[in-house]
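Colleague: Right, I'll just put the structure down here and ask away after.
The values are calculated or read from the model by the stated rules, or taken from the named source; none is laboratory data. Computed from a prediction, not measured in an experiment: that's the story for all the values here. With ideal geometry, Cβ positions are generated from the backbone for all residues, glycine too; neighbour counts draw on all protein chains shown. For the accessible areas, the whole protein counts, side chains as well, though only heavy atoms, and no ligand, DNA or RNA atoms are used. Shrake-Rupley method; radii C 1.70, N 1.55, O 1.52, S 1.80 Å.
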Amino acid sequence: MIKTISTTPYTDQKMGTGGLRKKTKVMMQPNYFENFIQTIFNTIGGVKGKTYVVGGDGRYFNDIAIQKFIKMAAANGVAKLIIGQNGYMSTPAGSNVLLKNKTNGAFIFSASHNPGGIDNDFGVKYSDETGGQVPTSITDAIYKNSQSISEYQILDVPDVDISKIGTQQLEGMTIEVIDPIKDYVEMLEGIFDFEALKKLFKSGFTMKFDAMNAVTGPYGKRIFEEILGAAPGSVINATPKPDFGGLHPDPNMVYAKELIGIMYGDNAPDFGCANDGDGDRNMILGKKFFVSPSDSLSILTDNYKLIPAYKNGIYGVAKSAATSTAVCRTAKALGMDCYEVPTGWKYFVNLMDSKRITFCGEESFGTGSSHIREKDGIWAILFWLSIIAATGKSVEEITKEHWKKYGRSYYIRFDFEGIDKAVADKLMADLETKLPSLNGKKFGEYEVSEAAPFIYNDPVDGSSTKNGLVVKFADGSRIVYRLSGTGTSGATLRVYMEKFEQNHLDEEPLNMLKDIAKIAAEIAEIRPRTGKQQPDVIT
Ligand code: G16
């Protein structure tokens, strides 16, 4: 039975760089989640007769949210839902199922790399038929409509059993529960040479994949251990848990503690890697060696010919403005275009759809290609394993040879977390006002060559986006400032710093960037304005 429920709007349903992200308790308020879903349905002209992919990363409230979604979809006339078994589906797997089945969109319930649990975060990622998260014009329209919602439709029925693979009906809507890993593996088999990877593990190659108790544990077990033959136990933290076992599922040097301990300890395996909560981010490590995401993108680009799906050539590449310029140097040497976009994977989608780019990536541990329209953690790992299999070289050798060939962009990101939002907004606004006065100014040996907001004019749809403030120096060094779009409390100021070196290739990034870091703090008056003497997280 369809029920129409009267509701009042919540005024804070603005989607950020990765969908709508809130504290779980905020999402659990009466009608909060329902309002948001109905607002999306209303904004896109209704969902009657449409088909959607549904899943999540298994975090707290995922199960309840999916049941609410199923009942609302049926009440609003959706023709079919394709749901991951038990409600689990990684973000890249969801994009693949969407594209493969040409559905009208996908809903993935995840706050990505943010921690989970009743006291942590929950989120909704909504993609349209492109396979990617919707553009700003749509998120703005959703936000606007969320301010005036007055009712939503939902079925008054018991919960649906989504634990078994198969098809069932719910009041005229078809529900197909699928094994979310099967299609994803098939897709990857079409890109990489799985036989070469099996040989690599047969030869005694060792790895650890940290799934951070999040959605890609079972994907990792199936792909690395069962199919490719990595030793049992190669996948750690492999069981998805509603609170990620207390882990912060952000694959970086700070939060992937167990993996870092293993890779920097005695008897480290040959290769280390991790994914985030919903499986779209990745971190790559060698023995006592970390590959920065910006370098990783550049190295994958340089080695595209080693991968069967790309060996006949790729279109250009793209990076977010905050990501280092390494990939653009590589692209130039290979005769390819290199695009620079605002932070947010959605900005890559138009470039992929118009065949301008094949690979893209971001400093925030996201790398991917046009095989889907989201970043893809396991894809990046398989790409690295393929390079190792083809060259017989270690992660460290591959990276160092790359630096020798193209020079090295030393890169570091400082995060200042939990800043009062008004303070952070004022810091950015005042800094933007100040930028023109910095042009030509000298800070020790560093001379500012250009200081301006980053403005992106999309070559496909003509839209214009301003995101972050960039200070460039005469020697090619850069500082980028922006506020995070994925936090759920206060504001996080991110400061991205880069310095290019052609000769000194083996230094500590923090050491190489210490002067730039001082300049960055001085220009933006970080200490006096935020009271923070040090960043909270350095990656
Ligand atoms: C999301 C977007 C990414 C983006 C990141 C930025 O990642 O999908 O494209 O790089 O947010 O985060 P912030 O705004 O905090 O710097 P994810 O993995 O959280 O979905």
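Colleague: Of these, F41, F69, which one is open to solvent by less than 10 Å² (accessible area, probe 1.4 Å), within 16 Å of G123 (Cα to Cα) and modelled with pLDDT of 95 or more?
Modeller: F69
Colleague: Within the group I70, I82, which residue is touching a strand residue (DSSP E or B) at 6+ places or on another chain (Cβ under 8 Å), away from the ligand (no atom under 16 Å from the Cβ) and either over 20 Å from F36 (Cα atoms) or polar (S, T, N, Q) (or both)?
Modeller: Every option except I82 fails the conditions.
Colleague: Condition check: among the aromatic types (F, W, Y), within 18 Å of the chain's Cα centre (by Cα) and open to solvent by less than 40 Å² (accessible area, probe 1.4 Å). Does F205 satisfy that?
Modeller: Values: among the aromatic types (F, W, Y): yes; within 18 Å of the chain's Cα centre (by Cα): no; open to solvent by less than 40 Å² (accessible area, probe 1.4 Å): yes.
Spelling it out, it is not the case that F205 is among the aromatic types (F, W, Y), within 18 Å of the chain's Cα centre (by Cα) and open to solvent by less than 40 Å² (accessible area, probe 1.4 Å).
Colleague: Those residues that are open to solvent by less than 50 Å² (accessible area, probe 1.4 Å), in contact (Cβ under 8 Å) with a residue 40 or more places away in the chain and within 28 Å of D140 (Cβ to Cβ), I need them from the range 431-462; list them, please.
Modeller: L431, F454, Y456, D458
Colleague: Let me ask something else. Can you name the residue in the range 301-324 that is under 26 Å from D193 (Cβ atoms) and among the β-branched types (V, I, T) and is also most open to solvent (accessible area, probe 1.4 Å) among such residues?
Modeller: Among them, the one singled out is I314.
Colleague: If you take the residues in the range 412-430 that are open to solvent by 30 Å² or more (accessible area, probe 1.4 Å) and of a type outside the set (A, V, I, L, M, F, W, C), which one is nearest to A524 (Cα to Cα)?
Modeller: Among them, the one singled out is D430.
Colleague: Can I ask one more? Filter the range 1-46 down to residues that are among the hydroxyl-bearing types (S, T, Y) and in a helix (DSSP H, G or I) and give me whichever is nearest to the chain's Cα centre (by Cα).
Modeller: Within the range 1-46, the match that is nearest to the chain's Cα centre (by Cα) is T24.
Colleague: Turning to a different aspect of this structure: Here are some conditions: (1) open to solvent by less than 10 Å² (accessible area, probe 1.4 Å); (2) within 12 Å of the ligand (Cβ to nearest atom). Q133 meets all but one. Which one does it not meet?
Modeller: So the condition that Q133 fails would be (1).
Colleague: To continue, here is another question. Of G56, G19, G46, G77, which residue is more than 23 Å from E151 (Cα to Cα) and of a type outside the set (F, W, Y)?
Modeller: The conditions single out G56.
Colleague: Scan the strands (runs of 3 or more DSSP E) fully inside the range 219-320 and keep the ones with 1 or more residues being in contact (Cβ under 8 Å) with a residue 60 or more places away in the chain.
Modeller: Those strands (runs of 3 or more DSSP E) span 271-275, 282-286, 289-291.
Colleague: Now, a different point. Restricting to the range 325-380, what's the tally of residues that are open to solvent by less than 20 Å² (accessible area, probe 1.4 Å) and either touching a His at 6+ places or on another chain (Cβ under 6 Å) or in a helix (DSSP H, G or I) (or both)?
Modeller: 12
Colleague: Quick one: in the range 306-346, which of the residues that are among the β-branched types (V, I, T) and within 16 Å of the ligand (Cβ to nearest atom) is nearest to S464 (Cα to Cα)?
Modeller: Restricting to residues being among the β-branched types (V, I, T) and within 16 Å of the ligand (Cβ to nearest atom), the top hit is V341.
Colleague: Now a separate question. Give the residue, chosen from K48, K71, K25, that is touching a Leu at 6+ places or on another chain (Cβ under 6 Å) and among the basic types (K, R).
Modeller: After applying the criteria, what remains is K71.
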